[in-house]
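Undergrad: My questions will all concern the structure given below.
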């Protein structure tokens, strides 16, 4: 495989097995998981540093509730599906469509510094959480203080990938 781990964008995580035929229930990290049907090959890896991405040919993909049910060649029964619980779903960046204006892949936001309008650093983005209403960015500062900020226009004022910074309307003591 010519891609490195840095060339991949994480799209979701295997939540658990579904039924008996090796179908995976996937928690998507984005708002259009059915677009993934266009990817003939899906990439999975255990959620640990140094793990290798493994390609699987897509058999089936459908939405059910807030999850995506996925069938992949080589994962043919419940036991094989259960063995992949907690694994990450990803794709090579080159296989993904370009983002539009003010659209970002979650993986591009992780690690960015979050600074409020007063110029105070709130920490770095450690992850994102999808809630029913909107995404939430999880920000952790050097002291380990965690802040959960709604990823909405009233709070997130600007994202500058070049400067690796997100500007927010949020106080240090909120």
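Undergrad: Suppose the filter is outside any helix (DSSP H, G or I), over 22 Å from residue 32 (Cα atoms) and modelled with pLDDT of 95 or more; does residue 70 pass it? Walk me through how you get there before you give the answer.
TA: Details: outside any helix (DSSP H, G or I): yes; over 22 Å from residue 32 (Cα atoms): no; modelled with pLDDT of 95 or more: yes.
Here the answer is no, as residue 70 does not meet what is asked.
Undergrad: Would you point out which residue out of 34, 58, 96 is touching a residue at least 40 places away in the same chain (Cβ under 8 Å) and either farther than 26 Å from residue 140 by Cα or surrounded by 14 or more Cβ atoms within 10 Å (Cβ to Cβ) (or both)?
TA: Values: 34 fails: touching a residue at least 40 places away in the same chain (Cβ under 8 Å); 58 fails: touching a residue at least 40 places away in the same chain (Cβ under 8 Å).
Every option except 96 fails the conditions.
Undergrad: Please enumerate the residues belonging to the stretch 152-174 that are at pLDDT below 95 and under 19 Å from residue 9 (Cβ atoms).
TA: Within the stretch 152-174, 161, 162 meet the criteria.
Undergrad: Can you pull out the residues in the stretch 80-91 that are at negative phi and either in contact with a helix residue (DSSP H, G or I) (Cβ under 8 Å, 6 or more places away or on another chain) or touching a residue at least 60 places away in the same chain (Cβ under 8 Å) (or both)?
TA: Restricting attention to the stretch 80-91, the residues satisfying the condition of being at negative phi are 80-85, 87-91.
If the condition is that a residue be at negative phi and either in contact with a helix residue (DSSP H, G or I) (Cβ under 8 Å, 6 or more places away or on another chain) or touching a residue at least 60 places away in the same chain (Cβ under 8 Å) (or both), then 81, 82, 84, 85, 87, 88, 89, 90, 91 are the ones that fit.
Undergrad: Turning to a different aspect of this structure: Got a sec? Which of 29, 8 is at pLDDT below 95, crowded, with 18+ Cβ neighbours inside 10 Å, farther than 18 Å from residue 69 by Cα and under 13 Å from the mean Cα position of the chain (by Cα)? Let's see the steps before the verdict.
TA: On the way: 29 fails: farther than 18 Å from residue 69 by Cα.
None of the other options fit; the residue is 8.
The values are calculated or read from the model by the stated rules, or taken from the named source; none is laboratory data. All of these numbers come straight from a predicted model, not from anything done at the bench. No Cβ is skipped: glycine too gets one built from the backbone with ideal geometry, and neighbour counts run over all protein chains shown.
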